[in-house]
Amino acid sequence: MAEKRNIFLIGPMGAGKSTIGREIAERLHLEFFDSDQEIERRTGADIAWVFDLEGEEGFRKREESVIEDLSEKQGIVLATGGGSVISASVRNRLSARGIVVYLETTIDKQVARTQRDRRRPLLQTSEEPRTVLENLAVERNPLYEEIADIIVQTDEQSAKVVAHKIIERLDF
């Protein structure tokens, strides 16, 4: 029997990684994980609390560890945190251990999708959310593109349609 493959979803906050990841996992009968939810499960605290207590650096260390553990599994769909690609070791692990799908979205869609979400620590600053998202895009978009095996635009399509397009492009 062929080795089960992993699907890793990367992209900015608000791109739909968790929603689309669940849909793909359900259709392909794979186990779904969300790195943020796994951090919350392991720490017993929400992401905002981890950020407050340990800062972004502490959070990123936890995120790297969780992605290391989860990416060792076989036959999973993993929705990663938007900033996980900052770590070269995370990028290397994802590239080596599965198919990396970059869910691309516009700043306008990100603003619309995240405006009422209080669970995103990087947006809970005095800076305008649009400015924060634009700055993150400049830093992170090249990293997403660097490791992506598949790039899919998520703006004008439902999660079901995007999941279907990804599944069609997978080389399973």
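Miscellaneous remarks
- Axial C-alpha extent at least 24 Å, average Kyte-Doolittle at least -1.0 - helices from the chain (DSSP): 47-71, 129-147
- Of ILE107, ILE24, ILE86, the one that fluctuates the most in a GNM where the chain has Cα springs shorter than 10 Å: ILE86
- Using Cβ point charges alone (K and R +1, D and E -1), the dipole size of segment 31-87 about the Cα centre works out to roughly 100 debye.
- Amide hydrogen neighbours beyond the local backbone of PHE8, cut-off 5 Å, H modeled: LEU78, ILE99, VAL100, VAL101
- Evaluated with a Cβ-only charge set (Lys, Arg +1; Asp, Glu -1), the chain carries a dipole of roughly 400 debye about its Cα centre, given to the nearest 20.
- Listed from fewest to most Cβ neighbours within 10 Å, the set PHE33, PHE8, PHE59, PHE51 follows the order PHE51, PHE59, PHE33, PHE8.
- Stokes-Einstein diffusion coefficient of segment 75-157, Kirkwood radius over Cα pairs, 4 °C, 1.567 mPa s, in µm²/s: 93 µm²/s
- Net charge of neighbours whose Cβ lies under 12 Å from the Cβ of GLU72, counting Lys and Arg as +1 and Asp and Glu as -1: +1
- Fluctuation leader among GLY44, GLY82, GLY11 - the chain, Gaussian network, Cα springs under 10 angstrom: GLY44
- Reciprocal mean inverse distance between Cα atoms of the chain - Kirkwood radius, Å: 16.2 Å
- Kirkwood Rh (inverse of mean 1/r, distinct Cα pairs), segment 65-121, angstrom: 13.1 Å
- Extreme residue, positive dipole direction of segment 7-161, given options ALA48, ILE86, PRO142 (C-beta unit charges): ALA48
- Most mobile listed residue (GLY81, GLY55, GLY14) in the chain, GNM with C-alpha springs under 10 Å: GLY55
- Computed [θ] at 222 nm, deg cm²/dmol, the chain (DSSP H ≥ 4; -39,500 (n - 2.57); rounded to nearest 500): -17500 deg cm²/dmol
Throughout, read-outs are computed from the coordinates displayed, never taken from laboratory work. Remember, it's a predicted structure, so these values are computed and weren't measured experimentally. Here Cβ is always computed from backbone atoms with ideal geometry, including for glycine, and neighbour counts include all displayed protein chains.
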